[in-house]
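*Asks:* Before I ask anything, let me first share the structure, which is written out below as structure tokens.
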Amino acid sequence: MLDSISVRRLKVGSDVRFLFSSKLFETIHRCSFQSRNRAYAAVAFVGKDSYQLFHENIRNVKDVKLIVNFSDNSVRSELTNPAGVRQLQDSAEIRNKEDLHAKLYFC
């Protein structure tokens, strides 16, 4: 089963990949464990247990930013869970982008 597609090689030996399936969650968890300086994510919707996606080491990362769709519509439609956002606020600077409908993780 194909779980990732390598896109291109960047400087400093890091890969850019399209990840999906279980490989996505394994990679994000590992990346948040290994990262020391930064971890950025743009995800449209946040569930109540979204914090489990990240390793607990994320609290030690210097620069953690998360952009989510935290609009009234996404909360009312139960696409974004306010409790999930609050849990992530302990370790990340969170910003709202109401028309966001994508997922991007960078660490």
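The values are calculated or read from the model by the stated rules, or taken from the named source; none is laboratory data. Source: prediction; values computed, not measured. Cβ coordinates were reconstructed from backbone atoms using ideal geometry, including for glycine residues, and neighbour counts include every protein chain displayed.
*Asks:* Checking Phe33 against (1) assigned to a strand (DSSP E or B); (2) of a type in the set (Phe, Trp, Tyr); (3) at pLDDT 80 or above: exactly one of these is not met. Which one?
*Replies:* Among (1) assigned to a strand (DSSP E or B); (2) of a type in the set (Phe, Trp, Tyr); (3) at pLDDT 80 or above, the lone unmet condition for Phe33 is (1).
*Asks:* Still on this structure, please answer the following. Let me spell it out: the conditions are (1) in contact with a Cys (Cβ under 8 Å, 6 or more places away or on another chain); (2) assigned to a loop (DSSP other than H, G, I, E, B), and His101 meets all of them except one. Which number is the exception?
*Replies:* Among (1) in contact with a Cys (Cβ under 8 Å, 6 or more places away or on another chain); (2) assigned to a loop (DSSP other than H, G, I, E, B), His101 violates only (1).
*Asks:* Let me ask something else. Give all pairs with beta carbons closer than 9 Å in which a residue from the stretch 60-71 that is without any contact (Cβ under 8 Å) to a residue 24 or more places away in the chain and closer than 11 Å to Glu93 by Cβ meets a residue that is of a type outside the set (Lys, Arg) and exposed (fewer than 14 other Cβ atoms within 10 Å of the Cβ); count only pairs at least 6 apart in sequence or on separate chains.
*Replies:* Listed pairs, sorted by first residue: none to list.
*Asks:* Next question. Which of the residues belonging to the stretch 37-50 are more than 11 Å from Asn81 (Cβ to Cβ), of a type outside the set (A, V, I, L, M) and not in a loop (DSSP other than H, G, I, E, B)?
*Replies:* Answer for the stretch 37-50, where residues must be more than 11 Å from Asn81 (Cβ to Cβ), of a type outside the set (A, V, I, L, M) and not in a loop (DSSP other than H, G, I, E, B): Arg38, Tyr40.
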